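Every number in this text was worked out from the coordinates using simple rules, so none of it is lab data. No experiment lies behind these values; they were computed from the predicted model shown. When we count neighbours, we look across all protein chains shown, and the Cβ atoms used for this are built from the backbone with ideal geometry, even at glycine.
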Amino acid sequence: MAEVTVKIWLGPSNQKALRVRKGSNLRSALMEAGFSPYQGRFRQLNCKGLGLCGSCKVLVAEESQLWERRSCQIQCFNDLEIKLQ
C-alpha cells in the first residue's frame, strides 16, 4: 500500500510525523494514532466525523499559508503539514 506523510505541529518546537495509507481520512488517521483534532468539550460533543459540526478543524499549511479545514473532510492523497488547534 502506498503511504503519505502527515507532519503534525503540536507547538513551536514540537513536530511529529505520521505515516498514513494514501487516501485515508485525516480525522480517522489522527484518532487511530492517538491525536485528537477536538478541543475542550468537543472531545465528547461532536458529530463523529460526519462533517456536520466543524469541531474537528485543523490548520493545513499550503503555499506558506495556513488554512482552516475540517479534518473529517480531508483525504490524504499527498503529504500534508497540519497544526492542531
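Dipole size in debye (nearest 20) for the chain around its Cα centre, Lys and Arg Cβ +1, Asp and Glu Cβ -1?
Value, rounded to 20: 360 debye.
Would you mind computing Rg(Cα) / (2.2 N^0.38 Å) for the range 29-70, counting N as its residues?
In units of the globular-protein estimate, the range 29-70 measures up at 1.24.
Relative contact order of the chain: what whole-number percent is it, with Cα pairs under 8 angstrom and at least 6 residues apart?
37
Please order Met1, Met31 by the number of other Cβ within 10 Å, starting at the fewest. Could the numbers behind the result be given before it?
Details: Met1 6, Met31 16.
With the fewest neighbours first, Met1, Met31 line up as Met1, Met31.
Looking at the calculated P(r) for the range 3-84, what percent of the C-alpha pair distances fall above 20 Å?
25
For Leu84, Leu26, what ranking results if the residue with the fewest other Cβ atoms within 10 Å of its Cβ goes first?
Numbers: Leu84 19, Leu26 25.
Least to most surrounded, the residues fall as Leu84, Leu26.
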